[in-house]
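Peer 1: To start, I am sharing the structure in question, which I have written as structure tokens.
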Amino acid sequence: MVDGVVNKADENAVSQNKLVLRPLIGLMRGQAPEEIEHFVIDEIKKHRRLRDDAVRLEKSLEEAKECTQLDARRAYITAMIAVHAQQTVVSTLLDILGYIPNGAEESVH
């Protein structure tokens with residue numbers, strides 16, 4: 001980061017060794033850290049909501065009657081796909097930012 005702004009050199013450092021969402025790197029290029037923090041915090045909160053929904057669906061799957069188990073299992077799997085996709089969003093944004101912003105710590109597990 002030069003002068004607190006994400007630049008092209010940062011892009012290579014972020015994406016070398018793990019799955020990242022390259023479009024997010026491009027979207028954040030040129031953004032001030034404070035602006036990136038805003039997105040990080042929002043996406044962490046979204047991840048928590050998705051995770052909580054998946055946990056509820058998992059419990060309902062365990063309680064589902066045989067006739068509704070297929071639908072419950074599909075709903076749970078769909079929710080878990082969303083959780084994992086959102087985790088990639090959060091991970092990519094945290095890598096771009098380079099730190100966990102204040103206000104997000106209580107959201108991270």
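Peer 1: Please list, in order along region 56-71, the HN-Hα scalar couplings obtained from phi with the Karplus expression 6.51 cos²θ - 1.76 cosθ + 1.60 (θ = phi - 60°), rounded to whole Hz, x for Gly and Pro.
Peer 2: 4, 5, 5, 5, 5, 5, 5, 9, 5, 6, 3, 5, 10, 5, 4, 5
Peer 1: Another one. Do any trypsin sites (Lys or Arg not before Pro) in region 17-109 lie in a loop, going by DSSP, with at most 10 other beta-carbon atoms within 10 Å of their beta carbon, and if so which? Before the final figure, lay out each step's value.
Peer 2: Values: sites: Lys18, Arg29, Lys45, Lys46, Arg48, Arg49, Arg51, Arg56, Lys59, Lys65, Arg73, Arg74; in loops: Lys18, Arg29, Lys65.
Passing sites in region 17-109 are Lys18, Lys65.
No value in this document is a laboratory result; all are computed from the given coordinates. The structure displayed is predicted, hence computed values, not measured ones. Quick reminder, even Gly has a Cβ in these numbers, built from the backbone with ideal geometry, and neighbours come from all protein chains shown.
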